[in-house]
Amino acid sequence: MMNRTPPATNLKDAYNAVLLDPLQSGDPRWVDCSQVRGGTDVVGLLALRIEGSSHSTAQLISGHRGCGKSTELLRLANRLEREKFLVVYFAADEDIDMGDLVYTDLLLSIIKRLERTLSENGIKIDERLSKGILMWFAEVVYGWKDETVMEAALKTEFELGLNVPAPLPIIAKLLARITGQIRTGHEIRKDIRLKLDPQIYPLIERINEFIRAALPEIQKKGYQDLVLIIDNLDRIVLRVLDEKTGRTTHDALYLEHAEQLKALDAHVVYTVPISMFYSLKATQLAGAFPNYEILPMIKVAEQDGSPCQEGIDNLSDVAEKRINVQSLLEKGVVDYLAEKSGGMLRDFIRLLGYTVELAQAEGGKIPISKKTAENAFRRLINEYGRMVPDEHFKLLANVAKNKQVRNDTKHQAMLYNLSVLEYMNRDRWCDVHPAVRELAEFKNAYRQIE
Amino acid sequence: MPTDKLSKLAVEAKPGRTNFTPQQPLLGETEISPQNRDVLLQIASLIRLAESFRLGFVKCNQPVQCRQMAARLKEMLAGEANIISVELNEPVSSLRRAILQALESDESDYVGKRAIMVLGFEQSVPSEGPAPALDELNQSRDNFPKSFSGPVLIWLPDYALTRLAREAPDLWGWRSGVFELAPELRLMASLVNVIMQDVDTDNLSLPLKRERAAALEGLISDYQEVKIGERNGQALAGVLNQLGNLRYLLGEYAEAKRLYENSLKISQELRDKKETLKALGQLGMLAEDMGDLVEARRLFQNGLKISQKHGDKKGISKALHHLGNLAYLAGDLVEARHLYNIRLKISEELGDKRGSSTALHQLGILAQDAGDLFEAHRLYQESLNISQGLGDKRGISKSFHQLGNLAYLAGDLVKARLLYHKSLEIFQELGDKNGISDSLGQLGIQAYATGDLEGARRLIQKSMRISKELGNKSGIAIALKNLSFLEEKEGNIGGALEFVKQAEALFIELRSPIAEQAGKDRERLEKLRDSS
C-alpha cells in the first residue's frame, strides 16, 4: 500500500492517514530515526553481515511491539533484494499457532515458504531429489510409503475445494497439508509432532538438501544467495513450562534449539521477544547468537528527563509525512504528543488519531488545540491503566528511578506489555512509559520510594 | 432398585413473575448522562472518519445498557453509516469467525459505510481460569483487517476488557480507541427494581436464565464501579443471591458458591436478615449436593437460629424443612416426617403455597419409601395441584417425576415413561441440570424394565456424566449402583463389582443408609466372583 498522496489537510483525510500498519519498503513516509535509536542503523548492520559473509549466518532482531520492527525488516528485505539476494520473508504467526509452538513447526513452515518462493520465481530443483524429500515427509508424517497412495489422498483433498490455488506441485500440497493440520488440528498436531520430534536432525538435513539443490538454480537466476527473514516469531506466547526451573516457551525455542536454528544452510534473521534480552538467560542467548540487534525506542527524553529535541523532531517528521501539521494542529501539539508517546512509534501514531477523532467529536475546529491533545493522552493513560497489574507499580517506580530493569519475569512482563520502554545512547537504558507515569497507583508508588 | 434421590428444593420465591424483557427501553434518550453522551459522540466520530478497518473497544458493563447505547448510535449515524449489531448468545472459540458467520446470515442490503458492533463476547471470557478465545483472538489480529473493511467495535464489561488488554496484547496493540461508558445510575435502579420483584428465577427458560445472568453480572460490575452505599449494598446482596441461584440451577456450582459467600459477607455486614437467610439456605443446599452434610447442617441451623431470634416463621419453617432433608438422607425417617409436618403446618398458616407444595412433595416421598403408594400418590397429586395453580414449572416437573416413580412401582411402564419424559422436557426447557440428570437416570431404570439393557446403560451413563459435571456425589453414587446392577444382569461380575465398590465408597462418604445395601451387594458379588 504505497501512499504518495500529499499530507492531509482536513480531519477526515488526516484520520485516514494515521494508520497503525507497518510501512512497506520504499514508502516515502519512512523516516530515518537511527540517530535517536542509539545511532545504529539496524537494517544496515544486519544487511552488511549477510552481504559480507561467505557462509550462512543466523542473526536475531528484537524490539518492542509497535517500535517499527516490521517496517525495518521489510526495508531489510528490500535492500537485500536490490543486492540480488533471493529473500523469503514471512510472518511466522500466519503459519504457526503462537500459543503452542514447537521447533519442528517452525522448520516445516520454513520449508513450505521456501518451496513457495522458489516456485513463484520459476526455480525448479532436481526432480529426483525433490521426490526423495517429498517421500521422506510423506512416510514420516503419514506413513505413506507408496507414491500413488499419497497422490490419491492429496488429490481428493485438494479437489474437495480447500482454499489452495491450483495447480500446485505435489510437494506444496503435502507441506500445506502438514502445516495446516499443525496450525488448526489439536489432536493431529500432537500426532505429527510425536512423529517428527525424534527426526529433528534428519528433518534439518532434508531442508538443507533442498536448499543445496536449489542454490545453483537460484544463482542461475542471477541471485547471490538465499536469505530467510522470519518476522513475528517474537509473538510466541510466554509460558512457564517448568515451575521448578522457570523454563519457558521462549527458552525452549531460542536456547534449547539454538544449534538447530543455526544449522540451516541459508542466511536467516529471526525475530526474538525483547524480554529474552532481559531474562536471566540473556548472556546465554547472546553467546549462542553473537549477531543480534535490538531496535530501541526513539529517544524523546534523556535519562535525566529533559526532552530530546532530535527524537521529537524525528517524530514530527513522521507526522508531517502524513498530515499537514501547520494547518491542522496548533503549535506545540505535535511535540507534546511525541513526548507523551515515549518514542514508541505506534503510540505516537495512535495519539495523532485520537487527537483528530476527539477534535471531530468536539465540533471539528482546526487547528486542533493542545487541550484536545491532552484529552487524547488521557485516553492512552486509561488504556495503560488497564494493562498494568497492581503488583507492578512498585517495580515500575524503581525502574523510573534507576533507569534499569532487573532480569526477572516481572520485569520481562513489563517490557512485554510496554509499560517499560528501552532506549539507547551508547548503553541501553530503560524508562517507564509516560502514560504509566500519570497513573495514580504509579505516582503513589513513586512517592513512597523518594 | 434404589429409591429416587431426594428432590432439590428451590429458593423460595413470590409467585407471579412480571414480564422481564431486557430489550425494553428502560432509559430515555435524554436520560443518558452527559458524560456518556460525550463518549457516544466520540464513537460516532471514529465511525464517521474511518474509511478502512479500525478496531475499537467499548467498555460497558450492562448488556441492557450496551443494547440501548448501540441503538442510540444507530440513530445518531442514520443516513451516514449502517450500524450492524452482532449479538453473541453463547461462548465462541473464534470471535472473527463468529462475526463473519453472523454477517453471512444477515440478508439486508447495505449501501455505504458499515460499522460492526459486537456484543456478548464476554461469555467467551470467564473472569478466572483459561480463556482460549482470547489466545485465538490475539493471534488473529492480522486477519481482522483482511475480513472487515470498516470499523469493528467490541463491547465488553470492565473485567473482560482488562483481561483482553493483558492476555491479547498483540490485538490490543492494534486498537484505535477504547471508549469507556460509565454506569447509568437510573438504569441500574430500574433494572434492580424489575429484577428483584421477579425472583422466580427457577422457572425461567434456559435462554432467559442466561440473559438474566448476564444482566445480573452487569449490575454487579456497575455496583463495583459506583460507590456502594448501604442501599446499594442491600441491592447488591440480593443481586448476588439471585445470580448465585441461577448459577446453581445451571450447574455452575463453584461460581454459585462464590456468589453466595460474597452475598453473605455483605448482608451480614449490613445486618440484612432476608438476604443473609437466603444465602445461608442456598449455601446449605450446595453443601448438601456436594455431600458435605456436616457443613450443610451447620448452615441450616445457623439460619434457623437467626429466624428464631427474629420470630420469622417462614424462615423457621424453611430451615426445618432443610434439616428434614438431612434427616431423610441420614435414614431418620421419623424425624424427617416430623420436620416436614411442621413445615406444612406453618406454610398453611402463612398461606405460603410453595412451602406447602414442597412439604407435601417430601411427605409423598416418605410415604412412597414406606410402601404406601396410595398415600404417596395423594400427596404428590396435591403438591402438583398447588404448583399448577402457581405456574411453578419446576415444581410441576418434580411432581411428574415422582408420579412416574409410582407408576413404575405399580408396573405401569408406559405411564412411567410418559411422566418421566414430561418431566425431562420441562427440566430441559428450564436448563435445570440436576433435574435433567434425575430424569435421565429414571428413564434408564425404566428402559431396563422393558428389557432394553443397552438403552438403560446409555441413559444412566448420561445421567452420571451430568452429575459428575455438577459434582453431585449422591447422583454419581446412585448411577454407579445402577450401572453395577446392569453389569451383573449381563453376567459381567468383575465390572459389576468395580461399580458397586465405587458406589459404596461414595455412599459411606455421604453417610447414606444406602451404603449398607451397597455393601451387601458387594459381598454377594465377591462371593460370586470367587466361586466362579
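The values are calculated or read from the model by the stated rules, or taken from the named source; none is laboratory data. If you're wondering where the values come from, they're calculated on a predicted model, not measured in any experiment. All Cβ positions, glycine included, derive from the backbone under ideal geometry; neighbour counts span all protein chains shown.
Scanning region A:330-342 for residues that are free of Cβ contacts under 8 Å to residues at least 40 places away in the same chain, in a helix (DSSP H, G or I) and either charged (D, E, K, R) or within 11 Å of chain B (Cβ to nearest Cβ) (or both) yields one hit, A:335.
Among all positions in region A:67-84, there is no residue which is within 14 Å of chain B (Cβ to nearest Cβ), touching a Phe, Trp or Tyr at 6+ places or on another chain (Cβ under 8 Å) and surrounded by 17 or more Cβ atoms within 10 Å (Cβ to Cβ). Among the residues making up region B:30-45, those that are hydroxyl-bearing (Ser, Thr, Tyr) and without any contact (Cβ under 8 Å) to a residue 40 or more places away in the chain are B:30, B:45.
Just one of (1) in contact (Cβ under 8 Å) with a residue 40 or more places away in the chain; (2) at the interface with chain A (Cβ under 9 Å from one of its Cβ atoms) fails for residue B:173. It is (1).
So for region B:423-434 (the condition being modelled with pLDDT under 90 and among the basic types (Lys, Arg)), does at least one residue qualify? Within region B:423-434, one or more residues are modelled with pLDDT under 90 and among the basic types (Lys, Arg). Among the residues of region A:343-366, is any crowded, with 23+ Cβ neighbours inside 10 Å, away from every other protein chain (no Cβ under 14 Å), touching a residue at least 60 places away in the same chain (Cβ under 8 Å) and not in a helix (DSSP H, G or I)? Checked region A:343-366: at least one residue is crowded, with 23+ Cβ neighbours inside 10 Å, away from every other protein chain (no Cβ under 14 Å), touching a residue at least 60 places away in the same chain (Cβ under 8 Å) and not in a helix (DSSP H, G or I).
Could you please let me know if residue B:505 is of a type outside the set (S, T, N, Q) and modelled with pLDDT under 90? The answer is no for residue B:505. When residues in region B:205-247 are screened for being modelled with pLDDT under 85 and within 12 Å of the chain's Cα centre (by Cα), 7 of them pass.
Among the criteria (1) within 14 Å of chain B (Cβ to nearest Cβ); (2) within 25 Å of residue A:235 (Cβ to Cβ); (3) aliphatic (A, V, I, L, M); (4) in a helix (DSSP H, G or I), the one residue A:20 does not fulfil is (4). Do the conditions hold for residue A:77, that is, is it in contact (Cβ under 8 Å) with a residue 40 or more places away in the chain and under 19 Å from residue A:274 (Cα atoms)? No.
Only one entry in B:446, B:442, B:502, B:461 is surrounded by fewer than 21 Cβ atoms within 10 Å (Cβ to Cβ), within 27 Å of residue B:249 (Cβ to Cβ) and of a type in the set (S, T, N, Q), namely B:461. Only one entry of A:327, A:275 meets the criterion of being at pLDDT 90 or above, farther than 21 Å from residue A:21 by Cα and either assigned to a strand (DSSP E or B) or not acidic (Asp, Glu) (or both), and that entry is A:327.
So which residues in region A:1-17 are within 14 Å of chain B (Cβ to nearest Cβ) and either modelled with pLDDT under 80 or in a helix (DSSP H, G or I) (or both), if there are any at all?
Pass one, region A:1-17, residues within 14 Å of chain B (Cβ to nearest Cβ): A:1, A:3, A:5, A:8, A:10-17.
Correct list: A:1, A:3, A:5, A:11, A:12, A:13, A:14, A:15, A:16, A:17.
Among residues of region A:1-12 that are more than 26 Å from residue B:146 (Cα to Cα), those with a Cβ under 9 angstrom from a residue that is in a strand (DSSP E or B) and at pLDDT 80 or above, sequence gap 6+ or separate chain, pair up as A:9/A:323. State yes or no: is residue B:161 more than 9 Å from chain A (Cβ to nearest Cβ) and either touching a helix residue (DSSP H, G or I) at 6+ places or on another chain (Cβ under 7 Å) or buried (at least 17 other Cβ atoms within 10 Å of the Cβ) (or both)? It is false that residue B:161 is more than 9 Å from chain A (Cβ to nearest Cβ) and either touching a helix residue (DSSP H, G or I) at 6+ places or on another chain (Cβ under 7 Å) or buried (at least 17 other Cβ atoms within 10 Å of the Cβ) (or both).
Pairs are defined by a Cβ separation below 6 Å, a sequence spacing of at least 6 or placement on different chains, a first member in region A:307-329 that is on the phi < 0 side of the Ramachandran plot, and a second member that is of a type in the set (Asp, Glu); the pairs so defined are A:308/A:302; A:312/A:335.
All of A:413, A:400 fail the test of being within 14 Å of chain B (Cβ to nearest Cβ), part of a helix (DSSP H, G or I), under 28 Å from residue A:33 (Cβ atoms) and hydrophobic (A, V, I, L, M, F, W, C), apart from A:413. Taken across region A:49-60, residues that are of a type in the set (Gly, Ala, Ser), assigned to a helix (DSSP H, G or I) and either over 12 Å from the mean Cα position of the chain (by Cα) or at pLDDT below 90 (or both) do not occur at all. Within region B:123-147, the set of residues being without any contact (Cβ under 8 Å) to a residue 24 or more places away in the chain and more than 12 Å from every other protein chain (Cβ to nearest Cβ) comprises B:126, B:128, B:129. Of all residues in region B:225-270, exactly one satisfies the criterion of being surrounded by fewer than 19 Cβ atoms within 10 Å (Cβ to Cβ), part of a helix (DSSP H, G or I) and aliphatic (A, V, I, L, M), namely B:254.
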